[in-house]
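Undergrad: I have a structure here, written as structure tokens, and I will follow up with some questions on it.
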């Protein structure tokens, strides 16, 4: 759900460190969340102060945004122009320290549009230049940094993806990675939630002309460096995807090998890439290690899919030690379990669980 282009196109089925040993995991539901399979609460962002945000699917499978305070109080909202049919609605992506939230909504025709919500609740909508107006096309705003700059990508009328930056004055910059393909389902995207840092650096992935993925990082001056994690496959729907970068420019992500197994990696600012795998991760197609979040200290969170395709959370300390966890109520069937998505500077982790009935529930893990 969260995974930028890899979620849209790739659709993978899916510490021993002392500061992370103690833990409390709280599960929660946004008011109005549906209770049928595929419905429920999807928590995907967390601020340094512990405020979480995301979206939920109601009983009609329509999405609505939410913000959850440290005390557990909820604000729910919907963009006025959002569609009200199943799969449509409002998708809150991330929230900055100033209280401005960004995301996208899908209208009644299935077209996506960006939005941001100010701390006072006022919502502004926008479309990137060149965004298509057909179903499945349009603008996805996925990142906001402390100054209010936003980044994401849009699909044009030919279903090709292009990355964009929206400045605080409302002006847009669009760009493409040099190796990006120009066919439907190809192009350039950004990582979600933490793909843009305070310095204006952006990381993401592009899909080439044979539909394999490659990572990139774009400097604040606009210089794009492309890279591939060691062992990445080169076939369609294989390759290197990024999860995000932190204030110091460290990047984490996932690679899909020639056997379609997932592996985690971390890239330092000098370009060195280190692969890692969670012990217990499966080695079959669609299984393996799937990083998602990266905090300012360099701790990485995510999930791993075991040999039965059940998902479990993990936290990798900056030094490389890995601890694993399961949220209460997580299902134990294939495609179920614990999905950790983001960690903050205090080591708190948020994400969601899929229970034995296929219903989603948000969780917060505090050290």
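The values are calculated or read from the model by the stated rules, or taken from the named source; none is laboratory data. Worth saying up front: this structure is predicted, and the values here are computed from it rather than measured. Neighbour counts are summed over all protein chains in view; Cβ atoms, including those assigned to glycine, are modelled from backbone coordinates with ideal geometry.
Undergrad: I'd like to verify a number: residues in the range 130-141 that are surrounded by fewer than 19 Cβ atoms within 10 Å (Cβ to Cβ) and under 10 Å from residue 162 (Cα atoms), how many?
TA: Counting residues in the range 130-141 that are surrounded by fewer than 19 Cβ atoms within 10 Å (Cβ to Cβ) and under 10 Å from residue 162 (Cα atoms) gives 1.
Undergrad: Oh, and also: Tell me the strands (runs of 3 or more DSSP E) entirely within the range 36-146 that contain at least 2 residues that are touching a strand residue (DSSP E or B) at 6+ places or on another chain (Cβ under 8 Å) and under 20 Å from residue 194 (Cα atoms).
TA: 40-46, 52-57, 63-68, 89-95, 101-106, 112-117, 138-144
Undergrad: Still on this structure, I have one more. With the condition kept exactly as written, say whether any residue in the range 17-35 is crowded, with 24+ Cβ neighbours inside 10 Å and either modelled with pLDDT of 95 or more or closer than 25 Å to residue 102 by Cβ (or both).
TA: Yes, that holds for at least one residue.
Undergrad: Please enumerate the residues belonging to the range 147-167 that are part of a loop (DSSP other than H, G, I, E, B) and within 27 Å of residue 181 (Cα to Cα).
TA: Answer for the range 147-167, where residues must be part of a loop (DSSP other than H, G, I, E, B) and within 27 Å of residue 181 (Cα to Cα): 149, 156, 157, 158, 159, 160, 167.
Undergrad: Right, next: Name the residues in the range 229-246 that are at pLDDT 95 or above and closer than 26 Å to residue 44 by Cα, would you?
TA: Residues satisfying the conditions are 229, 238, 239, 240, 241, 242, 243, 244, 245, 246.
Undergrad: Can I ask one more? Name the one entry in 151, 167 that is within 22 Å of residue 247 (Cβ to Cβ) and in contact with a strand residue (DSSP E or B) (Cβ under 7 Å, 6 or more places away or on another chain).
TA: Of the residues listed, the single one that is within 22 Å of residue 247 (Cβ to Cβ) and in contact with a strand residue (DSSP E or B) (Cβ under 7 Å, 6 or more places away or on another chain) is 151.
Undergrad: Assuming residue 309 fulfils every condition listed in (1) farther than 20 Å from residue 343 by Cα; (2) in contact with a helix residue (DSSP H, G or I) (Cβ under 9 Å, 6 or more places away or on another chain) apart from one, which condition is it?
TA: Only one criterion in (1) farther than 20 Å from residue 343 by Cα; (2) in contact with a helix residue (DSSP H, G or I) (Cβ under 9 Å, 6 or more places away or on another chain) is unmet by residue 309, namely (2).
Undergrad: Could you check, for the range 255-275, whether at least one of its residues is touching a helix residue (DSSP H, G or I) at 6+ places or on another chain (Cβ under 9 Å) and farther than 15 Å from residue 322 by Cβ?
TA: Yes; the residues of the range 255-275 include at least one that is touching a helix residue (DSSP H, G or I) at 6+ places or on another chain (Cβ under 9 Å) and farther than 15 Å from residue 322 by Cβ.
Undergrad: Of all residues in the range 177-235, which are assigned to a loop (DSSP other than H, G, I, E, B) and touching a helix residue (DSSP H, G or I) at 6+ places or on another chain (Cβ under 7 Å)?
TA: 185, 191, 192 - these are the residues of the range 177-235 that are assigned to a loop (DSSP other than H, G, I, E, B) and touching a helix residue (DSSP H, G or I) at 6+ places or on another chain (Cβ under 7 Å).
Undergrad: Does residue 249 count as over 17 Å from residue 218 (Cβ atoms), assigned to a loop (DSSP other than H, G, I, E, B) and at pLDDT 95 or above?
TA: No.
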